[in-house]
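So the structure is just underneath, and the comments pick up after that.
The values are calculated or read from the model by the stated rules, or taken from the named source; none is laboratory data. Everything numeric here is computed off the predicted structure, so don't read it as measured data. Cβ placement follows ideal geometry from the backbone for every residue including glycine, while neighbour counts extend to all protein chains displayed.
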Amino acid sequence: MLSGLLPSALQYLIASLVWSKEPLSEPFHPQSLAFELRHEHGLSYHDRVVFRDTVSSALTQQDFTLTSSRVKVHRPASVADFMSARFRQSSTIPWDETEVEGPDVTNRQTLQTLAKMAANAYQEPTDKEWYDLGAEWNNSYPFGWEPDADGFRGHIFATPDNSTVVISVKGTSAGWYTGGGGPTTRKDKLNDNLLFSCCCARVGPTWSTVCGCYEGNYKCDQGCLEKSLAEDSLFYSVGVNLYNNVTYMYPNSNIWLVGHSLGGSLGSLVGVTFGVPAVAFEAPGDKLAAKRLHLPSPPSTQHVTHVYHTADPIPQGTCTGVRSVCAIAGFALETGCHIGKVIRYDTVSKLGWSVDARTHGIHVIVDRLLAEDWDNEDSGINMTIPGFYEEEDCVDCHNWEFGDFRNASVAMCASIP
């Protein structure tokens with residue numbers, strides 16, 4: 001068992017070791033990978049990253065099978081360059097381009113398997129909603145899943161030879177679209193409203209905002225926003241620490257990240273940070289959050305894949321306004337621009353679905369969209385999923401003005417005799 005937060009210096013040392021600059025030296029051939037559940041991770045109520053080993057079983061090797069492919073990624077030439085760029089608020093750093101083994105996101109069965117991993121991040125193996133794939137799972141509460149644990153949760157899967165490890169991150173636990181709440185709901189909502197709102201989740205004058213950055217008349221102080229996202233206890237920082245813990249445990253493995261909703265965006269942000277493949281399902285737009293976190297922008301983010309459908313307003317940033325279901329539930333999910341490439345299922349035009357936040361649940365993706373091939377007759381291309389979609393001219397929070405209003409006000413007052 002590995003628990004606790006690694007010291008920052010050790011985190012940077014580990015990251016510098018695992019950011020390999022060497023490309024794959026041998027010809028790559030797509031292959032099927034079988035995963036077994038190894039660990040369950042979570043953030044305890046003491047804000048500690050904790051792991052629990054699961055019971056080993058030969059049957060677990062049959063649980064999660066998917067197809068891999070070669071993926072091009074960009075990683076900072078050094079951890080020092082990356083951290084310095086974040087502190088300097090600059091994206092101009094040297095990048096190393098390499099290729100790693102990643103999931104074949106053009107394969108429907110692969111996407112469905114990853115979606116099942118994302119769905120199981122919400123559950124314990126004994127829960128009825130767990131996707132039962134014939135394994136004998138651990139029946140006890142692991143660390144991070146105790147009734148009073150209220151933070152970061154998920155599962156860790158690995159191939160039998162440890163060549164590939166998948167970190168599955170839980171998204172928001174909210175009864176209005178997942179079917180139940182839970183002890184993590186408060187922190188989930190806090191992270192949602194910090195990462196995906198325009199300005200501290202200020203939907204209307206009666207809202208209690210999650211940070212004090214609003215300056216009136218649709219103006220928001222940029223420095224205040226960025227400082228609000230820098231807390232070590234917030235989920236992005238926890239995710240970075242979790243990744244470092246996993247690389248410490250599996251220093252020679254390919255590591256992928258998957259998640260749904262908030263969990264998908266967190267996986268995407270960590271994937272960009274470390275240059276590792278990530279697949280996010282029905283996730284809110286994460287581009288604005290990456291900018292506010294000062295993540296240096298690599299030459300390409302095509303190792304990150306977002307999958308969503310058009311009947312779900314949340315990943316499109318349209319579940320907004322004081323009368324929206326999101327606002328009524330206390331969420332300000334206002335961003336719709338995504339990092340990387342997008343696979344968009346047009347369920348409204350092609351299937352006649354109505355736009356409804358209740359279609360946001362991961363089980364809609366697993367049991368309905370990815371359960372059968374997608375009809376691509378209109379494109380003339382024989383594919384089992386939609387082709388990659390371009391979010392053209394995507395701009396978040398266009399009605400808002402962001403700037404250094406507070407320092408400007410201080411300077412103005414100081415100049416008055």
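Looking across the stretch 245-272 at every residue that is at pLDDT below 90 and crowded, with 21+ Cβ neighbours inside 10 Å, the one that is nearest to L225 (Cα to Cα) is identified as N245.
Take the stretch 356-372 and flag every residue that is of a type in the set (A, V, I, L, M, F, W, C) and in a helix (DSSP H, G or I). Explain how you work it out, then say what you get.
First pass over the stretch 356-372, keeping only residues of a type in the set (A, V, I, L, M, F, W, C): 357, 362, 364-366, 369-371.
Those that are of a type in the set (A, V, I, L, M, F, W, C) and in a helix (DSSP H, G or I): A357, I362, V364, I365, V366, L369.
Screening V322 against (1) closer than 21 Å to N399 by Cα; (2) outside any loop (DSSP other than H, G, I, E, B); (3) not small (G, A, S) leaves a single unmet condition, (2).
If P251 satisfies every condition in (1) assigned to a helix (DSSP H, G or I); (2) over 9 Å from the mean Cα position of the chain (by Cα) but one, which is the exception? All conditions are met except number (1).
Condition first: under 22 Å from S163 (Cα atoms), of a type outside the set (S, T, N, Q) and in a loop (DSSP other than H, G, I, E, B). Now tell me which residues in the stretch 99-131 satisfy that. Full working, then the answer.
First, pick out the residues of the stretch 99-131 that are under 22 Å from S163 (Cα atoms): 99-107, 109-118, 120-121.
Within this subset, residues satisfying the condition of being of a type outside the set (S, T, N, Q) are 99-105, 111, 114-118, 121.
D104, V105, A121, listed by residue number.
Somewhere in the stretch 295-303, is a residue assigned to a loop (DSSP other than H, G, I, E, B), buried (at least 21 other Cβ atoms within 10 Å of the Cβ) and of a type in the set (S, T, Y)? Yes, the stretch 295-303 contains a residue that is assigned to a loop (DSSP other than H, G, I, E, B), buried (at least 21 other Cβ atoms within 10 Å of the Cβ) and of a type in the set (S, T, Y). All of (1) within 20 Å of H360 (Cβ to Cβ); (2) modelled with pLDDT under 80 hold for T172 with one exception: (2).
For A280, the conditions (1) among the small types (G, A, S); (2) assigned to a loop (DSSP other than H, G, I, E, B); (3) at pLDDT 95 or above are fulfilled apart from (2).
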